[in-house]
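Okay, so here's the structure we're looking at.
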Amino acid sequence: MTTTPMPPTEAALQASFDATIAHHDRIEPRDWMPEGYRKTLIRQIAQHAHSEIIGMQPEGNWISRAPSLRRKAILLAKVQDEAGHGLYLYSACETLGVSRAELVELLLAGKQKYSSIFNYPTLSYADVGTIGWLVDGAAICNQVPLCRTSYGPYGRAMIRICKEESFHQRQGYELLMTMMRGTDEQRAMVQESVDRFWWPSLMMFGPPDDASPNSEQSMAWGVKRNSNDELRQKFVDMTVPQAEALGVTLPDPDLRWNAERGHHDFGEPDWAELTAVIRGNGPCNAQRMAHRRAAHENGAWVREAATAFAARTAQEAQR
Amino acid sequence: MTGDRRDWPLYEVFLRGKRGLNHVHVGSLHAPDDAFALSHARDVYTRRNEGVSIWVVRADAITASSPDEKDPLFAPSGDKVYRHPTFYEIPADVPHM
């Protein structure tokens with residue numbers, strides 16, 4: 001004999017959710033969660049997944065022109081990782097009740113975003129190194145705290161991703177070190193590349209805290225663990241000694257150590273530029289989206305062939 | 001049936017990290033059939049020697065306990081503290097206990 005228990009009220013469900021968050025425990029896919037929490041996560045994880053997939057393009061641009069077989073193998077492995085990271089994140093997002101096909105459609109329709117950094121061009125092979133060092137370095141700063149995010153599947157995906165990002169950052173830094181040991185021309189290429197990527201890298205942490213409307217709620221839900229400005233400061237403090245060791249100058253005249261604060265002071269990024277890039281007016285937005293759409297359309301026959309092959313194999317197995 | 005991925009079933013992926021360990025759930029993916037699921041799992045989840053064996057299983061073949069019933073389901077073991085070794089008081093000077 002079983003008795004049918006009364007379904008719990010919304011207030012009771014909310015209380016149980018709040019208690020889980022207060023204990024720094026994880027929310028899992030089949031748990032009740034507020035609609036706003038689900039929507040925030042879908043938006044954030046999807047944006048993150050799309051960034052990994054679009055992020056294959058700036059560096060993929062150089063695979064066929066790598067300076068040696070060693071560099072080519074490294075770059076291929078790195079770009080393949082980005083695809084893998086995108087897939088981990090799409091899987092995590094799907095546990096919230098959306099399908100990957102829907103997410104891909106939203107990206108292609110321009111209704112979901114990806115990180116602004118990938119709308120900048122890669123003009124020389126030094127950019128492969130700079131992206132590894134600065135862009136992946138900034139991504140690591142952002143992502144390490146997300147390993148402890150309150151939504152279980154997202155945190156687990158981030159743990160896998162962070163392990164692999166460390167390779168990305170180190171290969172980039174090593175590439176730049178190699179170039180800095182080369183000719184004056186090579187050193188100039190590195191400096192020119194760092195000059196272009198420094199400010200966009202700082203913008204990767206998002207707008208300043210007082211202009212980031214969703215941050216407070218995300219922090220309360222344990223989705224975000226640190227504010228944009230905290231992470232940006234951490235990244236600057238981490239990067240300055242690395243730049244010194246490399247022998248490059250970070251292009252910010254206001255950058256200096258502040259002994260009182262125990263942190264580096266630094267200049268204000270051009271927030272109008274970030275807004276413009278997010279709105280679609282960065283140097284490569286149109287190109288990135290066009291390439292993504294073409295790749296999706298040109299891959300249709302592969303998906304169709306795989307489906308047809310699976311259907312035929314199943315049919316033959318029945319005979 | 002079209003070639004849209006929307007039609008591809010969801011698979012859950014389990015990896016054995018090395019001999020002597022259990023298979024552990026690592027994530028999920030979509031694939032048109034079991035064989036593709038296995039090869040996709042190889043590409044997505046084992047790029048760095050993470051596994052020596054892969055299981056893939058269609059997500060719709062898994063029966064799971066409901067999170068709503070977790071209290072009644074697990075309550076019977078909650079009050080049986082005598083099932084744990086720490087329930088029993090043994091003098092500290094008794095060896096190998």
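The values are calculated or read from the model by the stated rules, or taken from the named source; none is laboratory data. Keep in mind the model is a prediction, meaning the values are calculated, not measured. Neighbour counts run over all protein chains shown; Cβ positions are idealised from the backbone, glycine included. The area values use the complete protein model at the heavy-atom level, side chains included, leaving out ligands, DNA and RNA. Shrake-Rupley method; radii C 1.70, N 1.55, O 1.52, S 1.80 Å.
Structure summary
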read-out: Relative contact order (percent, whole number), chain A, Cα cutoff 8 Å, 6+ residue spacing; value: 18
read-out: Exercise: per-residue mean of other protein chain Cβ atoms within 10 Å, A:23-33; value: 1
read-out: Residues with amide H under 5 Å from that of A:Gln112, placed H, sequence gap 5 or more; value: A:Leu107
read-out: Region B:5-65: relative contact order as a whole-number percent, Cα under 8 Å and 6+ apart; value: 42
read-out: Rel. contact order, % - alpha carbon contacts under 8 angstrom, at least six apart, region A:121-229; value: 36
read-out: Principal axes of chain A: Cα extent on each, largest first, Å; value: 82, 62, 32
read-out: Only Lys, Arg (+1) and Asp, Glu (-1) charged, at Cβ; chain A dipole about Cα centre in debye; value: 1200
read-out: Sequence-distant residues sharing a close amide H with B:Ala31 (under 5 Å, placed H); value: B:Tyr11
read-out: For region A:166-310: rounded, prolate or oblate by the Cα gyration tensor [a/c cutoff 1.5]; value: oblate
read-out: Those lysines that a straight Cα-Cα span of less than 26 Å connects to B:Lys80, excepting residues fewer than 8 apart in one chain; value: B:Lys70
read-out: 10 Å Cβ neighbours from other chains, averaged over peptide A:75-87; value: 2
read-out: Protein-only accessible surface order, largest first, of A:Met33, A:Met204 at 1.4 Å; value: A:Met204, A:Met33
read-out: Intensity falloff of region A:1-57 expressed as log10 I(q)/I(0), Debye formula with alpha-carbon point scatterers, at q = 0.21, 0.22 Å⁻¹; value: -0.89, -0.93
read-out: Among the listed pairs A:Lys78/A:Lys234; A:Lys113/A:Lys224; A:Lys39/A:Lys111; A:Lys39/A:Lys78; A:Lys72/A:Lys234, those beyond 20 Å (Cα-Cα); value: A:Lys78/A:Lys234; A:Lys39/A:Lys78; A:Lys72/A:Lys234
read-out: Quarter of the Cα convex hull surface for region B:5-65, i.e. its orientation-mean projected area (nm²); value: 4.6
read-out: Volume of the Cα convex hull of region A:66-221, divided per residue and given in Å³; value: 129
read-out: Calculated [θ] (222 nm, deg cm²/dmol) that DSSP helices of n ≥ 4 give over chain A, each run adding -39,500 (n - 2.57); value: -20000 deg cm²/dmol
